[in-house]
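A short write-up of the structure that comes next.
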Amino acid sequence: MIEDIKKRALHRTKIIEGQLRGIEKMIENEDYCVDIITLSLAVQKSLGSLNKLLVENHLRTHVSHQYEAGGEEREAAVAELIRIFELSNNRS
């Protein structure tokens, strides 16, 4: 993993962890539903940012190597990227 991306990804996970603890506490305290939803949406946005970092790392490392190797490895890289694209578009 690229060191800078790893550092940023780990930082993002700490933020998400804190946000999730915040949601849990808000539910326990029976806070206003819209406030809980707002924080939940922020977590989703944070997860999107984390996914973007992970995709960037994957493209800069694994995919670039797979493309250089060519053949079946290149095809595997394309298949992976298509699968990730499909997963991201099927989110609810």
- Pairs under 6 Å by beta carbon, first residue closer than 22 Å to Ile84 by Cβ in the stretch 26-50, partner part of a helix (DSSP H, G or I) and open to solvent by 50 Å² or more (accessible area, probe 1.4 Å), six or more apart or different chains? Ser46/Ile15; Ser49/Arg12; Leu50/Arg12
- Message: I'm told Ser64 meets every condition in (1) open to solvent by 100 Å² or more (accessible area, probe 1.4 Å); (2) assigned to a helix (DSSP H, G or I); (3) at pLDDT below 95 except one. Can you identify the failing condition by its number?
- Response: (1)
- Message: Is it the case, given these coordinates, that Met26 is out of contact with any His (no Cβ under 6 Å at 6 or more places or on another chain) and outside any helix (DSSP H, G or I)?
- Response: no
- Exclusive hit being more than 19 Å from the chain's Cα centre (by Cα) and closer than 26 Å to Asn89 by Cα, set Glu17, Glu28, Glu75: Glu75
- Message: Yes or no: the stretch 29-40 includes at least one residue that is open to solvent by 100 Å² or more (accessible area, probe 1.4 Å) and part of a helix (DSSP H, G or I).
- Response: no
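The values are calculated or read from the model by the stated rules, or taken from the named source; none is laboratory data. Remember, predicted model here, so these are calculated numbers, not experimental data. A quick note on method: Cβ atoms are made from the backbone with ideal geometry, for glycine too, and the neighbour counts reach across all protein chains shown. These accessible areas exclude ligands, DNA and RNA; they are computed on the full protein's heavy atoms, side chains included. Shrake-Rupley method; radii C 1.70, N 1.55, O 1.52, S 1.80 Å.
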